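The values are calculated or read from the model by the stated rules, or taken from the named source; none is laboratory data. Fair warning: this is a prediction, and the values are worked out from it, not measured in the lab. Cβ atoms come from the backbone with ideal geometry, glycine included; neighbour counts cover every protein chain shown. The area values use the complete protein model at the heavy-atom level, side chains included, leaving out ligands, DNA and RNA. Shrake-Rupley method; radii C 1.70, N 1.55, O 1.52, S 1.80 Å.
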Amino acid sequence: MFPTVEQTVPGRLIGGAPGPVTVPVRFTYSADDPLAVHLVFPASASLSGTTVTWTFARALLDHGLGAPAGTGDVHIRPCGPDTTTVELRSPEGVALLRFGTARLRHFLLHSYATVPAELEARAIDIDGGLTALLRETRG
């Protein structure tokens, strides 16, 4: 079993309701997927009424804490000295959330203690992944 880091961080969902709504977002990081961070939203916060997971590069989260980052569906940027904004874009619309930067840094520090950035590539099981992919294509 690979080490996993999980931390629930309250996010303030901006827009839509009369005022910001607080959503408990679970940030997860696992050594078996060392390049990725997963944001898990509870069913109560999704349009579909089911748990929704967004996955993106851990480096994007790290860079976004200090300067605007992201070119695809996920954009992260500082919003003042204590807050970080995460913008999630999908065909259904855009979600804008604000998180306490200190909590995100805490999560990242624990993820880097699990797999340091310089060891990310070594932690990937390329042979195992290719074997599983080939097994799936053969049927």
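So here's what we get for this one:
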| read-out | value |
| --- | --- |
| Candidate set: region 59-93, residues that are among the acidic types (Asp, Glu) and not in a strand (DSSP E or B); chosen: the one least open to solvent (accessible area, probe 1.4 Å) | Asp62 |
| Residue check for Leu13: open to solvent by less than 40 Å² (accessible area, probe 1.4 Å), outside any loop (DSSP other than H, G, I, E, B) and touching a residue at least 12 places away in the same chain (Cβ under 8 Å) | no |
| Residue selected from region 16-28 under the condition hydrophobic (A, V, I, L, M, F, W, C) and surrounded by fewer than 17 Cβ atoms within 10 Å (Cβ to Cβ), by the criterion nearest to the chain's Cα centre (by Cα) | Val21 |
| Residues of region 34-58 classified as part of a helix (DSSP H, G or I) and surrounded by 14 or more Cβ atoms within 10 Å (Cβ to Cβ), total | 2 |
| Pairs with Cβ under 8 Å, 6+ apart, first in region 68-82 and within 15 Å of Leu96 (Cβ to Cβ), second open to solvent by 40 Å² or more (accessible area, probe 1.4 Å) and assigned to a loop (DSSP other than H, G, I, E, B) | His75/Pro68; Ile76/Pro68; Arg77/Ala67; Arg77/Pro68; Pro78/Gly66; Pro78/Ala67; Pro78/Pro68 |
| Selection status of Ala31, of a type in the set (Gly, Ala, Ser), open to solvent by less than 20 Å² (accessible area, probe 1.4 Å) and modelled with pLDDT under 95 | yes |
| Qualifying residue in region 96-118 (condition: at pLDDT below 90, surrounded by fewer than 17 Cβ atoms within 10 Å (Cβ to Cβ) and aliphatic (A, V, I, L, M)) | yes |
